[in-house]
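Nothing in this text is a laboratory measurement; each read-out follows from the coordinates by a stated rule. Just so it is clear, the structure is predicted and the values come from calculations on it, not from any experiment. Cβ: placed from backbone, ideal geometry, glycine included. Neighbour counts: every protein chain shown.
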Amino acid sequence: MTRLELQNLNKVYSPQSIPVKNLSLSVEEGEFLTLLGPSGCGKSTILRLIAGLESPTAGQIRIGDREVSKLRAGDRNIAMVFQSYALYPHMTVYENIASGLKLRKMPAREIQQRVTEVSWVLGLEEFLQRKPGQLSGGQRQRVAVGRALVRRPDVFLLDEPLSNLDALLRERVRAELKQLFESQRSPVVYVTHDQTEAMTLSTKVAVLSNGFLQQLDSPQQIYNYPINQFVASFVGSPQMNLIPVVCQGQYALLGTSKIPLPAMTMIPPQVILGIRPEQVRLASEGQPTTVQGQVFLVENLGMHNLLSVRVAGSPGETSAAPIMLRALLPADQPWRESVSLVLPPEAIHWFDGQTGGRLGDGSS
Ligand code: ADP
Ligand code: MG
């Protein structure tokens with residue numbers, strides 16, 4: 001059984017550049033883990049450490065029962081797919097896919113067998129004699145994946161493999177990758193800054209910021225229970241509304257209404273109310289409204305309209321800035337400029353404005 005495990009992994013380039021800070025996580029057989037975070041948060045460095053292209057400042061990397069952090073890259077049985085594809089331009093598709101096996105001195109017959117099998121899976125049979133320059137972006141990407149698959153590695157690493165493709169192609173290749181990796185057992189670690197890729201491909205997502213692991217969970221759990229304000233704002237599109245609110249007793253004041261706070265031992269000095277635009281609803285006739293406001297911007301997204309609403313009459317206003325709330329409504333739902341909105345209590349997230357940590361759910 002192969003299982004990838006990182007224990008207290010650290011990478012220090014200089015006191016100013018510490019892209020991996022005490023990272024511990026494991027990826028089981030059959031799992032697809034995505035490292036998700038903004039550019040510069042340390043994702044590629046983590047992959048390079050696993051692959052053996054960098055050595056850790058501290059910590060351990062285990063594959064199965066082997067501790068591999070002292071092993072050379074070539075001895076780790078890991079395959080990596082890069083954003084740039086890194087194909088050999090002078091070699092044919094066949095030679096590109098076969099190159100890693102040739103280096104390992106595999107018998108020619110077995111190489112041919114494996115390349116044939118992989119090129120069939122990837123639909124590359126008719127391109128085997130072409131050079132990379134004669135292929136489309138999507139085909140080149142498939143060759144790069146083929147070169148990894150043919151090795152039958154213990155672990156697959158992929159670093160932003162879709163980011164060089166245009167939007168339409170990216171969606172198609174994303175679906176292909178999902179199918180492909182569902183049918184094999186080696187752990188996969190996939191890097192992206194694109195939350196849609198992370199949510200659709202993964203069995204587990206690790207959200208990273210500034211070298212620190214923020215949350216490691218299933219995509220559903222990360223969407224439904226973001227552990228802090230960073231995760232809440234990074235995952236979900238359109239972005240979650242995050243509104244600083246004034247509290248009074250056990251209530252938060254928003255517009256002209258009072259919203260009950262979750263049970264907490266102590267209410268922090270700054271509280272943020274979070275709600276996803278897709279969970280804000282228009283109040284129907286006679287339904288108690290949570291907030292009223294004026295629509296000042298409408299973005300037509302095809303299936304939906306994204307309304308930006310200025311919340312009316314904010315009690316206890318401490319700043320001059322008006323409160324904005326975005327609501328995602330089905331395109332066929334009519335609305336007036338003056339809207340009444342419902343914020344379902346079960347859809348509200350609460351965060352500590354100073355630490356960013358999640359409040360309520362017995363977590364504080
Ligand atoms: P990501 O892949 O998430 O965009 P990287 O892992 O490439 O981020 O980089 C994380 C941080 O580490 C960045 O601030 C980057 O400048 C820094 N870094 C990467 N490689 C080196 C290096 N060889 N020397 C110094 N700093 C580096
Ligand atoms: Mg990177």
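Here are the numbers:
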| item | result |
| --- | --- |
| For GLN248, residues with placed amide H under 5 Å, excluding near neighbours | LEU253 |
| Long-range amide H partners of SER24 with built H, under 5 Å | ASN8, LEU9 |
| Order of LYS105, LYS43 under a 10 Å beta carbon neighbour criterion, fewest first | LYS105, LYS43 |
| Fully extended contour minus Cα-Cα distance, from ASP332 to THR116, at 0.36 nm per residue | 72.7 nm |
| Residue-span extension gain [LYS21 to SER218] - 0.36 nm each, minus C-alpha spacing | 68.7 nm |
| The chain: relative contact order as a whole-number percent, Cα under 8 Å and 6+ apart | 16 |
| Region 41-103: relative contact order as a whole-number percent, Cα under 8 Å and 6+ apart | 23 |
| Region 1-62: GluC sites (Glu not before Pro) falling in loop per DSSP and having at most 14 other Cβ within 10 Å | GLU29 |
| Of every Cα-Cα pair in the chain, the percent that sits beyond 36 Å | 36 |
| Dimensionless Rg ratio for region 23-62, taking C-alpha atoms and the 2.2 N^0.38 Å reference | 1.22 |
| Neighbour-count ranking [beta-carbon atoms within 10 angstrom, fewest first] of PHE156, PHE230 | PHE230, PHE156 |
| Two-site FRET efficiency, ASN164 against SER237, from Cβ-Cβ distance with R₀ of 22 Å, rounded to 0.05 | 0.55 |
| Semi-axis lengths (Å, descending) of the ellipsoid that matches the C-alpha gyration tensor of region 1-102 | 26, 18, 14 |
